[in-house]
Amino acid sequence: MGIRIRATGTSRSADTHSVVEHSGRAARQCLEQAGIRADQVGVLINTGIFRDSNTVEPAVSALIQKSAGIGLDYTRDDARTFSFDLMNGAVGVVNAVQVAGSILSTGSTEHVLIVAGDTHPSMTKSSADAEFPYATSGAALLLEKVDGPEGFGPVHTATSPGTPAGVAYVDTATMGTVGRSLMTVEREPDFEDRILLAATEVAQAALADFDGAFVALIASTPSPQFPKRLADALGIDQDAVRVPDLSEGDPHTAALPLAYARAIAEGTLVGYTHVLFVAAGAGPSAAATLYQLGTPA
């Protein structure tokens, strides 16, 4: 049995800065690409961190579920869709893959939809800058259980001791009445070096029993050079690195699904048997899983 990616969805258009709308669009695109009905999605997991107007309640997953048109009917015989937020920064998507695998293995639902994305809480800009290094976007992965070896391997996680290396918070003592539109992001000078160590640890664990050479690398993008630095640390050819569009900055929680969707669309995974997904961020924390690609038809 394997847990595979059935379809992907992305949203990066500039006509909205709402992460709810972007994630909802990505979710709808996923369902259209897979050719399935909304009621075939039993669980929706949102891993986004930076949200519209710093929304705290209700769960943003519920807002995205509504935007995507999933599970909106409540008559007696309608299928139910359960949604929740799983927030662990840049590592969230890989954590959600692990949770989704546990859910799908029970046979309680046909599909689990993972959505990710971030935006500046003011919803007035989409590009990153020195003060807020994250780009606005939405992405989605539709997962399903299949027979055979295709799909995700075990998820390996790690956290490093010491300070978190990076933090983001609403400074309620100074923001007054504009707190819903502002966010403070702070990174220590050695932020990238420290998360690279955690990323390397989990990636090596994911590759420990893998003897194949045809592996592509998709990693978090706290900086444009981070995935290639990780490739060097792992002894993976830099030509095997696949990244999302970074022209507007780091997509943060959506980096991995955006990179995978781009690679599939551009056909740049042809010739590879596996994809190594590595997520890393503040904590420092990291998670990795090796994904076996299906045989082309």
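The numbers here are math on the coordinates, done by the rules we state, and not lab data. Quick caveat: nothing in here was measured; it's all calculated off a predicted structure. Because the Cβ atoms are built from the backbone with ideal geometry, glycine has one as well, and the counts that use them run over all protein chains shown.
Please give me, ordered by residue number, the trypsin sites (Lys or Arg not before Pro) of the range 192-297 that lie in loop per DSSP and have at most 16 other Cβ atoms within 10 Å.
none
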Open item on the list: Between the range 99-123 and the range 146-184, how far is it from one alpha carbon centroid to the other, in angstrom?
Closed with: 16
Task: Mean ellipticity per residue at 222 nm, deg cm²/dmol - from DSSP H runs of n ≥ 4 across the chain, formula -39500 (n - 2.57) - done: -8500 deg cm²/dmol
- [ ] Please arrange 285, 18, 122, 247 by counting, for each residue, the other beta carbons lying within 10 Å of its beta carbon, fewest first.
- [x] 247, 122, 18, 285
Task: Most fluctuating residue given options 90, 205, 100, as computed from a GNM of the chain linking Cα atoms under 10 Å - done: 205
Open item on the list: Using Cβ counts within 10 Å as a stand-in for footprinting exposure, how do 16, 106, 81 rank, fewest first?
Closed with: 106, 16, 81
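Taking the Cα centre of the range 156-292 as the origin, how large is its charge dipole in debye, to the nearest 20, when only Lys and Arg (+1) and Asp and Glu (-1) carry charge on their Cβ atoms? Intermediate values should be presented prior to the final figure.
Values: 7 positive and 16 negative charges, 59 e Å.
The dipole magnitude comes to about 280 debye.
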- [ ] Excluding residues fewer than 8 places away in the same chain, name every one of the aspartates and glutamates whose C-alpha is closer than 17 Å to that of residue 228.
- [x] 192, 193, 201, 237, 239, 245, 250
Task: Sequence-distant residues sharing a close amide H with residue 219 (under 5 Å, placed H) - done: 242, 278
Open item on the list: Between 280, 26, 263, where does the largest GNM mean-square fluctuation fall for the chain, given springs only between Cα atoms within less than 10 Å?
Closed with: 263
- [ ] Return the whole-Å distance between the Cα centroid of the range 225-269 and the Cα centroid of the range 1-80.
- [x] 23
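Looking at the range 184-280, which chymotrypsin sites (Phe, Trp or Tyr not before Pro) are in a loop (DSSP not H, G, I, E or B) and have at most 15 other Cβ atoms within 10 Å? Spell out each step's value before the answer.
On the way: sites: 191, 210, 214, 260, 272, 277; in loops: 210, 214, 272.
Loop-located and lightly packed - 210, 214.
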TODO: Would you look at the GNM of the chain, springs on alpha carbons closer than 10 Å, and say which of 136, 159, 174 moves the most?
DONE: 174
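For the range 1-89, which chymotrypsin sites (Phe, Trp or Tyr not before Pro) are in a loop by DSSP, counting at most 14 other Cβ atoms within 10 Å?
74
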Task: Under the Karplus curve 6.51 cos²θ - 1.76 cosθ + 1.60, θ = phi - 60°, whole-Hz ³J(HN,Hα) for the range 45-55, x wherever Gly or Pro sits - done: 10, 9, 10, x, 10, 8, 10, 3, 6, 6, 4
